[in-house]
Structures are given as structure tokens and as C-alpha cells.
Amino acid sequence: MPESPAAVTVSLALKSLAATGALAAWVAARARLTDVIALSGGLGAGKTEFARAFIHARPGGEKFGEVPSPTSRWCRSTIWRRRSGISTSTA
């Protein structure tokens, strides 16, 4: 089994949504199924734009249509678990 590469952290400030989409397509063309890509940033930083462009750039990604915000999806899941009495603790 090949050795896993070391973690790499990259911080970029892109000038437009088009630049974010282009970067996401570039990463999508090179990403392997086992790669983990973590996005961080404040509200309006472009995380959702990156995720949508990444998904649509992957083979078969066009079939997904509208991709919900990853943060929105996480928030709804967390709220549902709390209302259902399911623990959201990671400890």
C-alpha cells in the first residue's frame, strides 16, 4: 500500500467567484477518492461556491444539479439530532 502524503495547508484569497470555481475544478481534476479537503472561512468566504464547483467538476457531478451549502446541511442535521434526542457530542 503506498504511503499517504503529509497534510498540506493552503490559504488563498481569490478575487472572484469565477476564480474560486476555477480553483475548485483544478482541485477536482486532481483529487483522489481518499483525499480529505477541509474548507474554512467566515460567512461569504466562498466555501459553498468551492464545494459546488468541486462536485460539478467531478465525473458525473453534473447529475447533482443544485448542491446545498455544506454548512446548511450540517446545521440542519445537528438541529434534527438535537430535537430527536440524539447526542451531538464528539467526546
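May I ask you to derive the FRET efficiency for Leu14 and Thr34 from their Cβ-Cβ distance with R0 = 35 Å, giving the value to the nearest 0.05? Plugging the Cβ-Cβ distance into 1/(1 + (r/R0)^6) gives 0.85.
For region 5-46, what class follows from the C-alpha gyration tensor (a ≥ b ≥ c being the square roots of its eigenvalues): rounded when a/c is under 1.5, otherwise prolate if a/b is larger than b/c, else oblate?
It is oblate, given that a/c is not under 1.5 and a/b is not larger than b/c.
Every number in this text was worked out from the coordinates using simple rules, so none of it is lab data. What you see is a predicted model, and the numbers here were worked out from it, not measured in a lab. Cβ coordinates were reconstructed from backbone atoms using ideal geometry, including for glycine residues, and neighbour counts include every protein chain displayed.
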